[in-house]
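Chemist: I have a structure here, written as structure tokens, and I will follow up with some questions on it.
The values are calculated or read from the model by the stated rules, or taken from the named source; none is laboratory data. Values in this document were obtained by computation on a predicted structure and should not be read as measured data. Don't worry about glycine lacking a Cβ; one is built from the backbone with ideal geometry, like all the others, and counts go over all protein chains shown. We work out accessible area using only protein heavy atoms, side chains counted, and drop any ligands, DNA or RNA first. Shrake-Rupley method; radii C 1.70, N 1.55, O 1.52, S 1.80 Å.
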Amino acid sequence: FGSSRFGSRGGSSRPQVVAANPLSFLTPPAFCRMAAAANAGKRKATSVDTLPPICGGALVTSIVMYPADVVRAICMSNPGTGAGAALKGFLEAHGVMGFVKQGLVAEVTRASISRAIKFFMQPIVHKGLYGKPETQGTAVSKGLAGAIGTVPEVIAISPLENIKLAAQLDKEGKFSGSADIAKHILKTRGFSGLMIGYAGMQVRQCLWTGGFFLTLDVYKSGVASIVSNKLAQDVLSGFAAGATGTALNCWTDVCRSVVQKKALADTFDPAIPRPSMLEPLNPGPFFGTASEIMASKGITGLYSGVGPKMVHLGGSGAILAVLMPRFKSMWFDMMGLY
């Protein structure tokens, strides 16, 4: 009996007691019945149901991170300018209230729309590509779905991006507000003028969003082994994922900022002919600017303003990682959704 499944020692055949699984009663049918009971009276959520909490989280993030975005924009459109010098110059030109007056509405609107579309589209694209929810996807599938989902995002935000940049760089006070900027661009360049720099912005958003969704869960797993607090896990992993996206796309932001700044400056020179309507889709100026900056300033020029951008998008990633799941849970509970 030495080889008996009960086991024996020293010639003694003593049956081993196997502890019963306390959850053994939860067979698949029983578990399904419990889940159905928990969701009784609730409606299954659709993609549209996720929009209110997504928009709420995006709006809060945009307002909190706006000052960092102002400094980032100045640094990146003027390669070589440090964060301190950019902040000092902005305050000297506009004062503290400049953070409210210089493109606040355009930026908060743009950033909120951008983040809302990003988080709305990613699970939809993932489901369409792989036939399963993004919660069941891999890091690569989540990242790819996020990158592809930025196409409608960039189309939607391009006009506001140009209006915001023009306002933030308006040291001479040429414009009286966002509406004045839009009117000027439409008058001098037509509707395509609102899409200035589209090619560079598309590359930028693809790299950051793809990098963020690619690494977020990876960082969460790593942080969970060090920090037990769930809120701290979300903050740290969100910041790390946002910073990773920044490391991937910082150079694109520098290049497209320079391209947009020059294109907007050209609108004040009547001698410069109006570009083709397809010019915003041309990646030539974007990559040409990248080559010029690389040749004159090296890799540090392409990563000009990386500090403020890390703070801006790393901080944004942290806030989004904290707010999105919590806002969604609160909204679903309030509306009787599951």
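Chemist: Would you mind calculating the relative contact order of the chain from Cα pairs under 8 angstrom and at least 6 residues apart, reporting the percent as a whole number?
Modeler: Numbers: 457 pairs, mean separation 81.7, N = 338.
RCO, the chain: 24 percent.
Chemist: Return the distance in nm (one decimal) between the two label points of a simple spin-label model at S276 and I155, each offset 7 Å from Cα along Cα→Cβ.
Modeler: Label-label distance for S276 and I155, simple model: 2.1 nm.
Chemist: For the chain, with a Gaussian network of springs between Cα atoms less than 10 Å apart, report the residue from S225, S291, S257 with the top mean-square fluctuation.
Modeler: In the Gaussian network model the winner is S225.
Chemist: Given the rule -39500 (n - 2.57) for each run of at least 4 DSSP H residues, summed and divided by the residues of the chain, what is its mean residue ellipticity at 222 nm, to the nearest 500 deg cm²/dmol?
Modeler: Taken over the chain, the calculation gives -22500 deg cm²/dmol.
Chemist: On to the next question. Just to confirm, what accessible area per residue do you get for the chain at 1.4 Å probe, in whole Å²?
Modeler: About 51 Å² of surface per residue is accessible.
Chemist: Given (1) 26.0, 93; (2) 25.9, 104; (3) 18.7, 58, which label gives Rg and Dmax of the Cα atoms in Å as computed from the coordinates?
Modeler: Only one listed value fits the structure, namely (2).
Chemist: May I pose another question? What's the FRET efficiency of I299 with K171 using the Cβ-Cβ distance as r and R₀ = 30 Å, to the nearest 0.05?
Modeler: The pair I299/K171 has a calculated efficiency of 0.60.
Chemist: Taking all protein chains in place and a 1.4 Å probe, what share, in percent, of the accessible surface of the chain do carbon and sulfur account for?
Modeler: 68 percent
Chemist: Same structure, new question: Highest GNM mean-square fluctuation, the chain, Cα pairs closer than 10 Å: which of D269, D170, D234?
Modeler: D269
Chemist: Could you work out the local net charge near V306, counting Lys and Arg as +1, Asp and Glu as -1, over the other residues with Cβ closer than 12 Å to its Cβ? Before the final figure, lay out the partial values.
Modeler: Values: positive: R72, K309; negative: D253.
The answer is +1.
Chemist: Note the count of lysine pairs whose C-alpha atoms are less than 14 angstrom apart in region 155-256, limited to pairs 8 or more residues apart or on different chains.
Modeler: Within region 155-256, the lysine pair count is 4.
Chemist: Translational diffusion coefficient, Stokes-Einstein: compute it for region 255-338 using the Kirkwood radius over C-alpha pairs as Rh, at 37 °C and 0.692 mPa s, and state it as an integer in µm² s⁻¹.
Modeler: So the translational diffusion coefficient is about 196 µm²/s.
Chemist: Loop-only check: which chymotrypsin sites (Phe, Trp or Tyr not before Pro) in region 238-317 are DSSP coil with at most 12 other Cβ within 10 angstrom?
Modeler: F268
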